[in-house]
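A short write-up of the structure that comes next.
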Amino acid sequence: MNKTTNRLVIVFVFAVLGVLCLAPCDCFGGQKSGNRKVDKKSFGKLADGTNIELYTLTNARGVQADITNFGATLVALRVPDRAGKIADVVLGYDDVQGYATDEFYIGSIQGRYANRIAGGRFTLGGVEYKLAQNNNGNHLHGGVRGFNKVVWQEVNSQPTNAASLSLVYVSRDGEEGYPGNLKVTVTYTLTDDDALKIDYQASTDKETVLNLTNHAYFNLAGAGNILNHELKLYANRFTPTDATSIPTGELRSVKGTPLDFSRLTSIGARINSDDEQMRFAAGYDHNFVLDKKGGNLAIAAEVYEPTTGRVMSVSTTEPGLQFYSGNFLKEVKGKAGKIYDRRDGFCLEAQHFPDSPNKPKFPSTVLKPGATYTQTTIYKFTTR
Ligand code: GLA
């Protein structure tokens, strides 16, 4: 072969490779990677006049996530079913007013301590800290004005390898009774394989306790109740609680209980069982001890919705996963005129165990100055 023929062969090989690389993008919804973007629009004003934003992350395949900087909240998540039909698979409100008055923690970030602290008290470095008792004498989801009710600042919303948005909140020393100025960054990333990744990072200037999670309510059918959704949890144990949902400290096997989701089982199959744990929580509202070892990212749960074929898998670096079957939802005026009632959505909240500040045997939730808190949780969508 002479030089010209060589060049022609090289050009031809590269052209074929180029077509092969682009082809998969064209197969899914007709959008190319060039369509990846982050849009921003007004989500309304708070009572004090503060403007609140709504960001829309779009991935290369056209899947979208709406996020507001009020409570760093996931507002909508539009994903295809097995026929390619898009539906919004999370509960939410049409504007910021809905979130400002929300009592169900819909879609938002919980902090400084997600879930419960017994009696709203804990001791750290010999000092007793008193927190709001906003749930049956216990402290829940960070108190009266938790991270779900504050305005976060956008730091970066540029699509690079994926559409992503970072939001920052600085919680001052003494806020809601917690010690230390704490800086928290939450980054939502919508990847081109239809995964919503949530990365958390935090640091403090004084020893504190910290437990962050996202409280999205999912409904993979986009409507109706969630009782026919099938769930698998990668957890052989859970943390049983007392009647006020405070863990007893025991790590109990799920074997032989309605909490055994080691095989894909419909959420509704045993939800009304006459079991003490189920009665205490009025359904599922329990922290599962994930089988994974250490702080590595590993699969925690899978959910399958039979009518639409949507599948959601949850992976996390956290040791626990709170499965909540939406037992307290009641006549909630949601998005686009929808009313959410009992069990119309479920939460899978990746977190440390409830009441860890008072349970020395649970994995520690103490954050020291100089250390960095990190967490990654991924909700990935496919169909079958
Ligand atoms: C968590 C709690 C529940 C409930 C919901 C919000 O899942 O464990 O008991 O408070 O949040 O209603």
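The values are calculated or read from the model by the stated rules, or taken from the named source; none is laboratory data. These figures come from a predicted structure and were not determined experimentally. Cβ: placed from backbone, ideal geometry, glycine included. Neighbour counts: every protein chain shown. Remember, those area values only see protein heavy atoms, side chains included, never the ligands or the DNA or RNA. Shrake-Rupley method; radii C 1.70, N 1.55, O 1.52, S 1.80 Å.
Data overview
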quantity	calculated
Subset of region 166-207 [farther than 18 Å from Q351 by Cα, of a type in the set (V, I, T) and over 15 Å from the mean Cα position of the chain (by Cα)]	V168, V170, T191, T204
Scan of region 195-228 for residues that are in contact with a Pro (Cβ under 8 Å, 6 or more places away or on another chain) and either part of a loop (DSSP other than H, G, I, E, B) or surrounded by fewer than 21 Cβ atoms within 10 Å (Cβ to Cβ) (or both), ordered by number	S203, D205, K206, E207, N228
Residue selected from region 184-194 under the condition of a type outside the set (S, T, N, Q), in a loop (DSSP other than H, G, I, E, B) and out of contact with any helix residue (DSSP H, G or I) (no Cβ under 8 Å at 6 or more places or on another chain), by the criterion nearest to the ligand (Cβ to nearest atom)	D194
In region 316-326, residue nearest to A114 (Cα to Cα) [restricted to those that are part of a loop (DSSP other than H, G, I, E, B) and open to solvent by 10 Å² or more (accessible area, probe 1.4 Å)]	P319
Considering residues of region 105-124 that are at positive phi and open to solvent by 20 Å² or more (accessible area, probe 1.4 Å) only, the residue nearest to the ligand (Cβ to nearest atom)	Y105
Considering residues of region 128-170 that are among the small types (G, A, S) and out of contact with any Lys or Arg (no Cβ under 6 Å at 6 or more places or on another chain) only, the residue farthest from Q110 (Cα to Cα)	A162
Any hit, region 38-46, residues being open to solvent by less than 60 Å² (accessible area, probe 1.4 Å) and at pLDDT below 50	no
S171 being away from the ligand (no atom under 16 Å from the Cβ), open to solvent by less than 10 Å² (accessible area, probe 1.4 Å), of a type in the set (S, T, N, Q) and touching a residue at least 60 places away in the same chain (Cβ under 8 Å)	yes
Selection status of F288, within 14 Å of the ligand (Cβ to nearest atom), modelled with pLDDT of 95 or more and in a loop (DSSP other than H, G, I, E, B)	no
Some residue of region 72-91 being away from the ligand (no atom under 16 Å from the Cβ), crowded, with 24+ Cβ neighbours inside 10 Å and either part of a loop (DSSP other than H, G, I, E, B) or among the aromatic types (F, W, Y) (or both)	yes
Region 358-384 residues that are charged (D, E, K, R), paired with ones that are part of a loop (DSSP other than H, G, I, E, B) (beta carbon under 8 Å, 6 or more apart)	K359/G249; K359/F353; K361/G249; K368/E207; K380/D193; K380/D194; R384/R82; R384/G309
In region 243-255, residue nearest to the ligand (Cβ to nearest atom) [restricted to those that are of a type outside the set (A, V, I, L, M) and open to solvent by 60 Å² or more (accessible area, probe 1.4 Å)]	T248
Meets criteria (in contact with a Ser or Thr (Cβ under 9 Å, 6 or more places away or on another chain), among the polar types (S, T, N, Q), at pLDDT 95 or above and not in a strand (DSSP E or B)) for N161	no
Qualifying residue in region 341-355 (condition: in contact with a helix residue (DSSP H, G or I) (Cβ under 9 Å, 6 or more places away or on another chain) and within 22 Å of Y178 (Cβ to Cβ))	yes
In region 135-146, the residues that are within 10 Å of the ligand (Cβ to nearest atom) and part of a loop (DSSP other than H, G, I, E, B)	N136, H141
Among the candidates V150, V127, residue that is surrounded by 11 or more Cβ atoms within 10 Å (Cβ to Cβ) and β-branched (V, I, T)	V150
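Residues checked against (1) buried (at least 19 other Cβ atoms within 10 Å of the Cβ); (2) among the small types (G, A, S); (3) in a strand (DSSP E or B):
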{"position": "N272", "(1), (2), (3)": "no, no, no"}
{"position": "G283", "(1), (2), (3)": "yes, yes, no"}
{"position": "K292", "(1), (2), (3)": "no, no, no"}
{"position": "N296", "(1), (2), (3)": "no, no, no"}
{"position": "A300", "(1), (2), (3)": "yes, yes, yes"}
{"position": "T308", "(1), (2), (3)": "yes, no, no"}
{"position": "V311", "(1), (2), (3)": "no, no, yes"}
{"position": "V314", "(1), (2), (3)": "yes, no, yes"}
